[in-house]
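The values are calculated or read from the model by the stated rules, or taken from the named source; none is laboratory data. All of these numbers come straight from a predicted model, not from anything done at the bench. Every residue, glycine as well, gets a Cβ built from its backbone with ideal geometry; the counts of neighbours run over all protein chains shown. Accessible surface areas use protein heavy atoms only, side chains included; no ligands, DNA or RNA. Shrake-Rupley method; radii C 1.70, N 1.55, O 1.52, S 1.80 Å.
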Amino acid sequence: MNPVNADLHCHSTASDGTLAPAQVVRRAHANGVDLLALTDHDELLGLAEAADAAREVGLRFVPGVEVSVSWLDQTVHVVGLNIDPSHPALAAGLHQVREGRDGRAGQIAAELDRIGIHGALEGALRYAGNPALVSRAHFARYLVEIGIARNVHDVFLHYLARGKPGYVEHVWATLDEAVGWIRGAGGVAVIAHPGRYRLGHVEMDLLFERFRDLGGEGVEVCCGAHDGGQVLAFSRVARKYGLLASRASDFHGPEDSPVDLGRAPPLPPDLTPVWTRLQ
């Protein structure tokens, strides 16, 4: 087992999670987490509340963020750990990305309206703890509510994934921008859940080579999205590119997430954990 029960990627109502930042912290503490990072999508709003709650329960807390990146023809996510939330370039960059999210939400609603699913934006907003950041997850929860699908996974599969009726292409930050913002704010950049990306071997190598050359330092090896084979595959990636290994649940809420806070598998013992850079 890892000597530290670290969970370095999770979400709150500041983005697309279902629990408030303080509730996330308290649940993590109850689950035995020693080190927690809150990493909401393109948003820093929940960090102060989470830090206060962590001090109250005696949980070591790392301020973080998950930045949406356009890479080739896909969206890739880069987690920033131990960032300075007050850093002006980071704040300005994330504000720019969030403005793009607003436009995408309206387009998703319009696409769903075209196939007879009406009022989707208003429905999604009811699930958004932060009305300035409406995501596909909020639309998915609304579609489950009205009986369009049985669960959030099915909504993504049939309505919100690439090539489906509610999917809207969008250009996010560049990889260079995301890593630059994170490093400029004193943080450690980590590629999130790489097993989710539809990249071949050549494209995956290009991603990690560029990421490393930009100063990226880590990769999520063990996370809620990875099965045993993917843990082995991205352990090899960490070794090949000299990257630190991260462990995370990518928790969004008790109803939505297959892995609870602090319950991701342990890292392979020969890898160097990313939290050694967070001392």
Those helices (runs of 4 or more DSSP H) completely within the stretch 137-235 that have 1 or more residues that are charged (D, E, K, R) and within 20 Å of D42 (Cα to Cα) are 175-184
Looking across the stretch 110-159 at residues that are farther than 17 Å from D16 by Cα and surrounded by 22 or more Cβ atoms within 10 Å (Cβ to Cβ), the single one that is farthest from the chain's Cα centre (by Cα) is L112
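Per-residue answers, yes or no, for (1) closer than 24 Å to Q96 by Cα; (2) surrounded by 14 or more Cβ atoms within 10 Å (Cβ to Cβ):
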{"site": "H193", "(1), (2)": "yes, yes"}
{"site": "L214", "(1), (2)": "yes, yes"}
{"site": "S246", "(1), (2)": "no, yes"}
{"site": "T276", "(1), (2)": "no, no"}
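I need the full set of residues from the stretch 111-132 which are of a type in the set (F, W, Y) and over 13 Å from E145 (Cβ atoms), in order please. First the steps, then the outcome.
Filtering the stretch 111-132 down to residues of a type in the set (F, W, Y) leaves 127.
Of everything in the stretch 111-132, nothing turns out to be of a type in the set (F, W, Y) and over 13 Å from E145 (Cβ atoms).
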When the stretch 80-127 is checked residue by residue, the ones that are modelled with pLDDT of 95 or more and among the acidic types (D, E) are D84, E111, D113, E122
Per the filter on the stretch 233-242, residues open to solvent by 10 Å² or more (accessible area, probe 1.4 Å) and touching a strand residue (DSSP E or B) at 6+ places or on another chain (Cβ under 7 Å) are F234, V237
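Collect the residues in the stretch 160-169 that are touching a residue at least 12 places away in the same chain (Cβ under 8 Å) and open to solvent by less than 40 Å² (accessible area, probe 1.4 Å), keeping them in residue-number order.
Looking only at the stretch 160-169, we keep the residues that are touching a residue at least 12 places away in the same chain (Cβ under 8 Å), and these are 160, 165-168.
Once the filter is applied, which keeps residues that are touching a residue at least 12 places away in the same chain (Cβ under 8 Å) and open to solvent by less than 40 Å² (accessible area, probe 1.4 Å), the stretch 160-169 yields L160, G166, V168.
Residue check: is T13 hydroxyl-bearing (S, T, Y) and open to solvent by less than 10 Å² (accessible area, probe 1.4 Å)? Break it down into steps so the answer makes sense when it comes.
Details: hydroxyl-bearing (S, T, Y): yes; open to solvent by less than 10 Å² (accessible area, probe 1.4 Å): no.
Judged against the criteria, T13 is not a match.
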### Message
It is to be established whether one or more residues within the stretch 95-117 are free of Cβ contacts under 8 Å to residues at least 40 places away in the same chain, touching a His at 6+ places or on another chain (Cβ under 6 Å) and over 30 Å from G186 (Cα atoms).
### Response
no
TODO: Report whether or not L94 is on the phi < 0 side of the Ramachandran plot and not in a loop (DSSP other than H, G, I, E, B).
DONE: yes
- Is there a residue being surrounded by 23 or more Cβ atoms within 10 Å (Cβ to Cβ), aliphatic (A, V, I, L, M) and farther than 30 Å from P268 by Cα anywhere in the stretch 78-91? yes
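When the residues of the stretch 255-264 are filtered to those that are at pLDDT 95 or above and open to solvent by 20 Å² or more (accessible area, probe 1.4 Å), which remaining residue is nearest to D154 (Cα to Cα)? Talk me through it step by step, then tell me what you get.
Step one: of the stretch 255-264, the residues at pLDDT 95 or above are 259-264.
When the remaining residues are screened for being open to solvent by 20 Å² or more (accessible area, probe 1.4 Å), the result is 259-260, 263.
Details: V259: 18, D260: 20, R263: 24 Å.
The selected residue is V259.
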Reported set for the stretch 40-71 where residues are closer than 14 Å to V97 by Cβ and not in a strand (DSSP E or B) is D40, D42, E43, L44, L45
